[in-house]
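> One structure, as structure tokens, below. Some questions next.
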């Protein structure tokens, strides 16, 4: 049976500026990927941050073009086929249900679904100037919508370095981010008292 989607030797390279210089270097985010996805199959991408999962999703969704190789049998503008029940999913069931419910509720095509999930894998995506990103974080924090944030940069380490260099100073100036740590442990950062060890000696 021919695959619904097929990658053949797909590679994606980006031109990245070297921090602190005017030089550029080439960064390979996906290298010679071969992948077959059958109709109705649910594929989960697993790997550490910066390994190329978001790039692969962007390639699947047609949001970026491969530098080399080809993508075959890619029906981007068809509705998703009926997905298997959650009981057959051995991986992240909650993430599967989120994607399935989103696709069914809004009747999304494959292109539309990957466009929604390609950047943040279903999480909030914010893009803009450092000031706009700081404004967004401040709004969510001060209105009680969130009490903390996980930063998932599209490229590592350069994306995280850009956030630290340009957004964090704005948050510090607004009193929303610490200038130094208040202690040496996570417990002390949260202001929690250190409990008495149950193994400590008790004097009677």
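The values are calculated or read from the model by the stated rules, or taken from the named source; none is laboratory data. As the structure is a computational prediction, the values presented were derived from the model and not from experiment. Using ideal geometry, Cβ is built from the backbone for each residue, glycine included, and neighbour counts are taken over all protein chains shown.
> Consider segment 26-40. How many of its residues are surrounded by 11 or more Cβ atoms within 10 Å (Cβ to Cβ) and more than 13 Å from residue 110 (Cβ to Cβ)?
10
> Right, something else. Do the conditions hold for residue 132, that is, is it surrounded by fewer than 16 Cβ atoms within 10 Å (Cβ to Cβ) and without any contact (Cβ under 8 Å) to a residue 60 or more places away in the chain?
Yes: the conditions hold for residue 132.
> Among the residues of segment 23-46, write down those that are assigned to a loop (DSSP other than H, G, I, E, B) and on the phi > 0 side of the Ramachandran plot.
Of everything in segment 23-46, just one residue is assigned to a loop (DSSP other than H, G, I, E, B) and on the phi > 0 side of the Ramachandran plot, namely 40.
> Residue check: is residue 113 surrounded by 15 or more Cβ atoms within 10 Å (Cβ to Cβ), in contact with a helix residue (DSSP H, G or I) (Cβ under 6 Å, 6 or more places away or on another chain), within 30 Å of residue 87 (Cβ to Cβ) and in contact (Cβ under 8 Å) with a residue 24 or more places away in the chain?
yes
> Restricting to segment 12-23, and then to whatever is in contact with a strand residue (DSSP E or B) (Cβ under 8 Å, 6 or more places away or on another chain) and either surrounded by fewer than 11 Cβ atoms within 10 Å (Cβ to Cβ) or not assigned by TED's automatic domain parsing to the domain that holds residue 98 (or both), can you tell me which residue is farthest from residue 160 (Cα to Cα)?
23
> Of all helices (runs of 4 or more DSSP H) completely enclosed by segment 52-160, which ones contain at least 3 residues that are modelled with pLDDT of 90 or more and farther than 25 Å from residue 28 by Cβ?
Those helices (runs of 4 or more DSSP H) span 130-142.
> A further question on this structure: Out of curiosity, is residue 47 exposed (fewer than 11 other Cβ atoms within 10 Å of the Cβ), within 29 Å of residue 158 (Cβ to Cβ), modelled with pLDDT under 80 and not assigned by TED's automatic domain parsing to the domain that holds residue 160?
The answer is no for residue 47.
> Taking the options 170, 155, name whichever one is surrounded by 14 or more Cβ atoms within 10 Å (Cβ to Cβ) and more than 21 Å from the chain's Cα centre (by Cα).
170
> Looking at (1) in contact (Cβ under 8 Å) with a residue 24 or more places away in the chain; (2) touching a helix residue (DSSP H, G or I) at 6+ places or on another chain (Cβ under 9 Å); (3) surrounded by 14 or more Cβ atoms within 10 Å (Cβ to Cβ), which one does residue 77 not meet, given that it meets all the others?
Tallying (1) in contact (Cβ under 8 Å) with a residue 24 or more places away in the chain; (2) touching a helix residue (DSSP H, G or I) at 6+ places or on another chain (Cβ under 9 Å); (3) surrounded by 14 or more Cβ atoms within 10 Å (Cβ to Cβ), residue 77 fails exactly one: (3).
> Then there is this: Within the bounds of segment 188-197, is there any residue that is at pLDDT 80 or above, surrounded by 12 or more Cβ atoms within 10 Å (Cβ to Cβ) and farther than 19 Å from residue 58 by Cβ?
Checked against the condition, which is being at pLDDT 80 or above, surrounded by 12 or more Cβ atoms within 10 Å (Cβ to Cβ) and farther than 19 Å from residue 58 by Cβ, segment 188-197 yields at least one hit.
> Next question. Taking the criterion of being free of Cβ contacts under 8 Å to residues at least 40 places away in the same chain and under 30 Å from residue 40 (Cβ atoms), would at least one residue in segment 143-156 satisfy it?
Looking through segment 143-156, none of the residues is free of Cβ contacts under 8 Å to residues at least 40 places away in the same chain and under 30 Å from residue 40 (Cβ atoms).
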